[in-house]
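Notes follow the structure.
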Amino acid sequence: MSTMYGADLAQLRTLAARFDQMATKLDSDRMSVGNAIQIKAWIGPVAVRFRHTWDSDHSRRLHNAAERLRAAARSLRANADDQERTSAASSPAASRSVPKTVWESTHEVDRRAPQRPGDFIREIASMDSDDGVRVEKVIGDDGKVRYLVYVNGSGSTGALSAALGWQMNLPNAFSLDNYTLDIVRNKMRDAITDPTAEVAIFGFSQGGMVAQRIADEGSFNTKVVVTVGSPRLGEVRNYGGADMYRFEHDGDPVPHIPTNAGPLHDLVTSGMDFLTGNKPPAPGNDTTYHGGGFDLGSHNLDKYADLVNSHGSDVERALAGFRGRIVADEK
C-alpha cells in the first residue's frame, strides 16, 4: 500500500484557482458599486459622506482583501510546485541537484536596463505590441530581482476599445475603477511573482494617472513612480510609500487638466476625514520638475526624456538598483 506524504497537489491548485476567482468577483463587485453610487439622482450630505467613505475606506479594504486572496493563491501554487519538485528529487531516478540561483532560473534578454533617467521614458515610446503596458524583470548589480513597469498614454494602442483608449481618461482623472486599471493590474500580477520585489513605474499622460493609482493601492512593493505629462490625482495619498517624481513641460497643458485634485478637493477631503474619523497615511515623497520652455508640441515622449535627463539627478539616484540585466523566467 502506497502512502502519500504532504498535501494533495491537485487540491492545492484547485483551491488557488478558487481564490483567484473569488478575488476577481470581489473586485468586479467593488467596481460595480463604486460606479453605481456616482448617479446624479442621489444628492445630499448622506450621499456625499457615503461616496467619500466608499472611495477612501470601503473600496480600498475590498481591493486589499482581493489582493490577499491573490497572494494566498500564489502561495498555494508555489507550495504545490515546491512539493512536486521535492517529490521528483527524492525519487530513485532523480539525480542529485542543488536549488537554482536567481541567474540559473532565468534567461537573459541580451540587453541592459536603461541607464540614464530619460532612457526609461524613451522605453515607453518603444512599445509596439504591449497594449500600452510592459513589465520587465531586472536583476540588479546587487543580485536582487526588481521590476520595471511602463504605462503609455491615451491612444497608444490604436483603438478606442483598447486598454488605454481615450474614453478611459475621465474615469482615471476622477479616480474611478475602470478597465484600464484592471488591465495594468493583471499584467503586473502575471509578471511579478515575488510580492516583496521592488517595483518602479513609469507613466506618460493617462499612463501617469494609472501609475499613481497602482502605487497608491499598495498591492505591489512600489518604490519609485515617475510620471511625465500627467495630471495630479487628488484621491491618492501617499503612493504606497513610493518616491514620486513628476515632470511637467512648460508648454504642455495636459498636466494642468482638472481632476479631483486641487484646494477645494483637499478642503472637502480633510473635512470628510474629520467627520468620518478616517486617518489617511502620511504623504510620500512628491517632487515636481518644470522646464523646457513654451512649446506647443511638448506633449511628446522624446521631449520629456530630455527634460528628465536635465533635471533627473534625484531620479537617477532613486533608480540605481533598477539598472541591471533584463531577464525572463524560464518556461
- Query: For TRP42, TRP54, what's the fewest-to-most ordering of other Cβ within 10 Å of each Cβ?
  - Reply: TRP42, TRP54
- Measuring from its Cα centre, segment 6-73 shows a charge dipole (+1 at each Lys and Arg Cβ, -1 at each Asp and Glu Cβ) which, in debye to the nearest 20, is 160 debye
- Query: Under a point spin-label approximation (7 Å from Cα along Cα-to-Cβ), what is the LEU170-SER28 distance to one decimal in nm?
  - Reply: 2.5 nm
- Among SER205, SER28, which comes first, then next, by fewest other beta-carbon atoms within 10 Å? SER28, SER205
- Between the modelled labels at GLU316 and ARG60 (7 Å from Cα along Cα→Cβ) the distance in nm is 3.5 nm
- With a cut-off of 20 Å, note down the residues of segment 11-29 whose backbone N falls inside the zone around a label point 7 Å from the Cα of THR86 toward its beta carbon. 11-16
- Note on the structure: Expected sort for VAL308, VAL327 with the fewest Cβ neighbours (10 Å cutoff) up front is VAL327, VAL308
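No lab work stands behind these numbers, since they all come straight from the coordinates. For clarity, every value in this text was computed on a predicted model and none was experimentally measured. As a convention, Cβ positions derive from the backbone with ideal geometry for all residues, glycine included, and neighbour counts pool all protein chains shown.
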